[in-house]
Structure formats: C-alpha cells, structure tokens
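Below is one structure, written out as structure tokens; the observations come after it.
No value in this document is a laboratory result; all are computed from the given coordinates. Please read all numbers here as calculations on a predicted model, not as lab measurements. Here the Cβ positions follow ideal geometry from the backbone for every residue, glycine too, while neighbour counts run over all protein chains shown.
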C-alpha cells in the first residue's frame, strides 16, 4: 500500500508530545501500532521502518519518546554526542512518564477515523523496552520487542514495584521477543533472566535469538551492525504477530 505521513502534537501530563503518523493512503480503518524509537527519536531508519509496517495496512504512530527533555522535532545523531544525550535522557525520564504517554497515544488514536480500535506495539532498543511497557495497557493485544534494553537491569527511573519486569501480571496480549545473541547491551545472563521470568508466567509469547549484534535492524549509522537478511526475518515475525492478533 502507498503510505501517507503527517504528525500530531498530543497533550500529555508531562508536556506536548509530537507524534509522527504513517498510514496507508485513503480513508480506510486500520489496526494501530505504537512504534517506539531508539534513544535518537525518529531518525531515518526509524521512519523507514515505520513506513514499511504502514505499507502492510497499519497506522503506525512514532512518538518522540523524550519530548519532556528536548525541543519538538529533536533528532539525535548516531554519534558520540547523540548517544551521550540520548542515554542521559533515558536516565532522566521516569517510567510513569512513558505510561502516561501510552494512555495519550491510545486515547488520541481511538478518536481518529483511520483507527479501527485494535492496538499493537513495536520498538527497537530502548523502544523495545517501551513497547514492552506499552503491553501493560489493556488495549494492546500484540507487542514486538526488538533487543529491548534495560529489562534485566534498572536504568530507567522506577518507583518501587514499577520496573517493567515486576508488572508482568498486567500483560494480557501476546509478546514477540527478538534478540541478537552477540548483543553487548543485553548479555547472555540478561537474556536468561528475562527468559526465565517470562517462562514462569502465563503470558503468550515467542522468543527468537539471532546470531546478530545490537541494532541489527538499523540500516544507517554504526557501520557493521545492520544485517539486512535477519532484519527481513524480524519484520516478517512482527507482521505475522500483528496479522494474527489485530485483524
């Protein structure tokens, strides 16, 4: 499907959140995917990934994840300065801010003619964690998490009992967990910890580990990380999940 793109500035309890919306051309009603970026916000690779998903018949919303901490429209570079700023933002925003962002996104989308009321979530890196966090919302029926950082440790500020892995009982939809076995951000011990925790629940989930490093879905920056063939497998797994659960 051909894709159109626009944006909306949503009011949240922590400030205005610019949200980029990619959806099929025309007046159809589509399942909506909350798509969470890396620490760099909506870069070229994130926009291209969102449009790819939209071309399969979804409305894809990409919020500025650190909207409280940056001017509207901020995009960080894939360089040392961008990583330093993005990681500082990650350590400054508490998890309740992401929860209120999710509520605002779902409320806004549910009022739009292009949304059919079916919600999923997807994200890369910290965005994989934020997609996991979105799965706590009862409306979210399917979630694809790509190499989600900081699930196995505490980096994002949390109130007691609010770490994402402490709220597994609130997840009612299906999870797709995708990892790179050579990911230095989520080492084997971290993968084992997350896998064990999920295995001790009744959450419907699938688990895939590829021989790839961190950010293997990203087609720009940090030369040598992108694995196009594995990325295509990742997209197909996510599309399979959303097709089964949101249509």
Please compute the Kirkwood hydrodynamic radius over the chain, one decimal place, Å, based on all pairs of different Cα atoms. 17.8
Checking rank on 74-85, 59-70, with mean other Cβ inside 10 Å and highest first, the result is 59-70, 74-85
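Cα-Cα pairs above 19 Å in region 73-128: how many percent? All intermediate terms of the calculation are to be shown ahead of the outcome.
Working: 717 of 1540 pairs.
Cα-Cα pairs in region 73-128 separated by more than 19 Å: 47 percent.
Averaging sequence separations of C-alpha pairs under 8 Å and six or more residues apart, then dividing by the length of region 1-58, give the relative contact order as a whole percent.
Dividing the mean separation by the residue count of region 1-58 yields 41 percent.
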Which whole-number percentage describes the relative contact order of the chain, with Cα contacts under 8 Å and a sequence gap of 6 or more? 17
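Using Cα-Cα distances under 8 Å and only pairs 6 or more residues apart, what relative contact order does region 78-216 have, in percent? Working shown, then result.
Details: 222 pairs, mean separation 30.3, N = 139.
Normalised by residue count, the contact order of region 78-216 is 22 percent.
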Cα centroid separation, region 38-53 to region 178-246 (Å): 17
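How would you rank 149, 206, going from fewest to most other Cβ atoms within 10 Å of each one's own Cβ? Provide the component values of the computation, followed by the final result.
Details: 149 23, 206 13.
Ascending Cβ contact count within 10 Å gives the list 206, 149.
Based only on other Cβ atoms within 10 Å, what is the fewest-to-most ordering of 141, 172? Could the numbers behind the result be given before it?
Details: 141 20, 172 15.
Listed from fewest to most nearby Cβ atoms, that is 172, 141.
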Let's test the formula: R0 of 35 Å, r as the Cβ-Cβ distance of residue 81 and residue 204. What FRET efficiency results, to the nearest 0.05? 0.30
With label points built 7 Å along Cα→Cβ from the Cα atoms of residue 27 and residue 240, find their separation and express it in nm. 3.7
Testing the spin-label approximation: label points 7 Å from Cα along Cα→Cβ at residue 219 and residue 155. State their distance in nm. 2.6
Proxy exposure order for 178, 72, 39 (fewest C-beta within 10 Å first) is 72, 39, 178
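Can you classify region 31-116 as rounded, prolate or oblate using the Cα gyration tensor, where a ≥ b ≥ c are the square roots of its eigenvalues, rounded means a/c under 1.5, and otherwise it's prolate if a/b beats b/c and oblate if not? Walk me through the intermediate numbers first.
Working: a/c = 2.83, a/b = 1.44, b/c = 1.96.
Judged from the Cα gyration tensor, region 31-116 comes out oblate (a/c at least 1.5, b/c at or above a/b).
Can you say what percent of the DSSP beta bridges in the chain, counting only those with both residues inside, are antiparallel? Round to 5. Present the calculation step by step, with values, prior to reporting the outcome.
Working: 14 of 40 bridges.
Antiparallel: roughly 35 percent of the beta bridges in the chain.
Evaluate region 156-247: find the radius of gyration of its Cα atoms, find its Kirkwood radius, and give the ratio Rg to Rh. Spell out each step's value before the answer.
Numbers: Rg = 14.9 Å, Rh = 14.9 Å.
Checking Rg against Rh, the ratio lands at 1.00.
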Work out how far the C-alpha atoms of region 100-217 reach from end to end along every principal axis, then list the three figures in whole Å, largest first. 43, 33, 27
So which residue, out of 18, 48, 167, gets the largest mean-square fluctuation from a GNM of the chain using Cα contacts under 10 Å as springs? 167
